[in-house]
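Q: The structure follows.
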Amino acid sequence: MADVDAEALRRSLADVRTRLAAAAVRSGRDPSQVTLVAVSKTHPPEAVRAVHAAGQRVFGENYGQELRDKAAALADLGDLEWHFIGPLQRNKVRYAVGTAAMVQSVDSIDLMDELHRRAAARGTDLACLVEVNIAGEQTKSGVPPDEVAALLHAFAARPRLRCLGLMTMPPVVDDPEESRPRFRALRALRDALAASPRPGVELRHLSMGMTQDFEVAIEEGATIVRVGTAIFGAR
Ligand SMILES: *Cc1c(COP(=O)(O)O)cnc(C)c1O
């Protein structure tokens, strides 16, 4: 597509990577311990191709059919990895399983059942994160903190699914510092839950932080950040 400015995308990716690395070093960690998910929703496959050419390998999508179509258009990029990060309805699960390496937005037993059914039918395993509504807002997706343990428990009976950590998406804020207590709360929840080992669950990842607050998230222990606008521009 003619309106994809590959050079601008390369520069914005480099800028995000520089900021990511600085935040990791500030928090005493190696930048390689933080995975950058480039959130490409609503942007065309050509933009993903340009960002991939600039060295990015993990991309995040929010919508089932969009993931399916983009993955098909970019099937020649064998090392590109998709993460599904949006609310996932049961009837869209088929677009994610077999395409996404990880589903970050697991928020109900019903969804786990459908993911497990589809993964088992394909003979594949699926990495998952449980999405937590850490800010306690009515409108946001994710499970309340006091219901996370029950979801983690359910992985034992669904052996095709592996839970690798927790994800959260805090509300829009003006000041990234407003997100800090929420990120801290997700980490504390993870630490508390990790004290009880559960089959199929290994809470090594905290997926938190987006364009508005990814540096604060890294300072608070994020191992995965999901950045769209700062790389691809406004949607
Ligand atoms: C869109 C989205 C992002 C990226 O948001 P930006 O503000 O564009 O960085 C991250 N996580 C989720 C779950 C999203 O839906």
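Q: I need every pair where a residue in the stretch 21-47 that is farther than 21 Å from R180 by Cα and charged (D, E, K, R) has its Cβ under 6 Å from the Cβ of a residue that is open to solvent by 30 Å² or more (accessible area, probe 1.4 Å) and assigned to a strand (DSSP E or B), sequence separation at least 6 or different chains.
A: No pair meets every condition.
Q: Return the residue satisfying two criteria in turn: it lies in the stretch 83-95 and is assigned to a loop (DSSP other than H, G, I, E, B) and open to solvent by 50 Å² or more (accessible area, probe 1.4 Å), and of such residues it is farthest from the ligand (Cβ to nearest atom).
A: Q89
Q: If you scan the stretch 205-221, which residues turn out to be part of a helix (DSSP H, G or I) and open to solvent by 30 Å² or more (accessible area, probe 1.4 Å)?
A: Residues satisfying the conditions are E215, E219.
Q: Which one of these does S179 not meet: (1) within 13 Å of the ligand (Cβ to nearest atom); (2) of a type outside the set (A, V, I, L, M, F, W, C); (3) crowded, with 20+ Cβ neighbours inside 10 Å; (4) under 14 Å from the mean Cα position of the chain (by Cα)?
A: Here S179 clears every test but (4).
Q: Can you name the number of the only condition in (1) closer than 16 Å to A230 by Cβ; (2) among the aliphatic types (A, V, I, L, M); (3) open to solvent by 80 Å² or more (accessible area, probe 1.4 Å) that A53 fails?
A: A53 satisfies every listed condition except (1).
Q: It is to be established whether one or more residues within the stretch 96-107 are in contact with a strand residue (DSSP E or B) (Cβ under 8 Å, 6 or more places away or on another chain), of a type outside the set (A, V, I, L, M) and more than 16 Å from the ligand (Cβ to nearest atom).
A: Looking through the stretch 96-107, at least one residue is in contact with a strand residue (DSSP E or B) (Cβ under 8 Å, 6 or more places away or on another chain), of a type outside the set (A, V, I, L, M) and more than 16 Å from the ligand (Cβ to nearest atom).
Q: Further question on the same structure: Quick one: how many residues across the stretch 23-53 are in a helix (DSSP H, G or I) and either more than 16 Å from the ligand (Cβ to nearest atom) or polar (S, T, N, Q) (or both)?
A: Total satisfying the criteria: 12.
Q: Given the residues A156, A121, A101, A75, which is the only one that is part of a loop (DSSP other than H, G, I, E, B) and either more than 24 Å from V48 (Cβ to Cβ) or open to solvent by 40 Å² or more (accessible area, probe 1.4 Å) (or both)?
A: A75
Q: Considering only the stretch 160-170, state which residues are open to solvent by less than 20 Å² (accessible area, probe 1.4 Å), within 14 Å of the ligand (Cβ to nearest atom) and not β-branched (V, I, T).
A: Result: L166, M167, P170.
Q: Between residues in the stretch 201-229 that are over 14 Å from P170 (Cβ atoms) and hydrophobic (A, V, I, L, M, F, W, C) and residues that are open to solvent by 30 Å² or more (accessible area, probe 1.4 Å) and in a strand (DSSP E or B), which pairs lie under 6 Å by C-beta distance while being six or more apart or on different chains?
A: Taking only residues 6 or more apart or on different chains, the pairs are I224/T35; I224/H205.
Q: Hey, any hits in the stretch 183-204 for a residue that's open to solvent by 20 Å² or more (accessible area, probe 1.4 Å) and within 9 Å of the ligand (Cβ to nearest atom)?
A: So far as the stretch 183-204 goes, no, none of its residues is open to solvent by 20 Å² or more (accessible area, probe 1.4 Å) and within 9 Å of the ligand (Cβ to nearest atom).
Q: Then there's this: Inside the stretch 108-142, can you point out the residues that are over 16 Å from the mean Cα position of the chain (by Cα) and either within 13 Å of the ligand (Cβ to nearest atom) or within 14 Å of G64 (Cβ to Cβ) (or both)?
A: Those that are over 16 Å from the mean Cα position of the chain (by Cα) and either within 13 Å of the ligand (Cβ to nearest atom) or within 14 Å of G64 (Cβ to Cβ) (or both): L111, E114, L115, R118.
Q: Also: Given (1) part of a loop (DSSP other than H, G, I, E, B); (2) farther than 18 Å from I85 by Cβ; (3) away from the ligand (no atom under 12 Å from the Cβ), identify the lone condition not met by V173.
A: (3)
Q: Is it true that L80 is open to solvent by 10 Å² or more (accessible area, probe 1.4 Å), under 14 Å from the mean Cα position of the chain (by Cα) and either touching a residue at least 40 places away in the same chain (Cβ under 8 Å) or under 24 Å from P45 (Cβ atoms) (or both)?
A: no
Q: If I go through the stretch 222-232 residue by residue, how many of them are in a loop (DSSP other than H, G, I, E, B) and within 8 Å of the ligand (Cβ to nearest atom)?
A: Number of matching residues: 1.
The values are calculated or read from the model by the stated rules, or taken from the named source; none is laboratory data. These numbers were taken from a predicted model, which means no experiment stands behind them. Cβ sites come from the backbone with ideal geometry, for glycine too, and all protein chains shown count toward neighbours. These area figures cover heavy atoms from the full protein model, side chains too; ligands, DNA and RNA do not enter into them. Shrake-Rupley method; radii C 1.70, N 1.55, O 1.52, S 1.80 Å.
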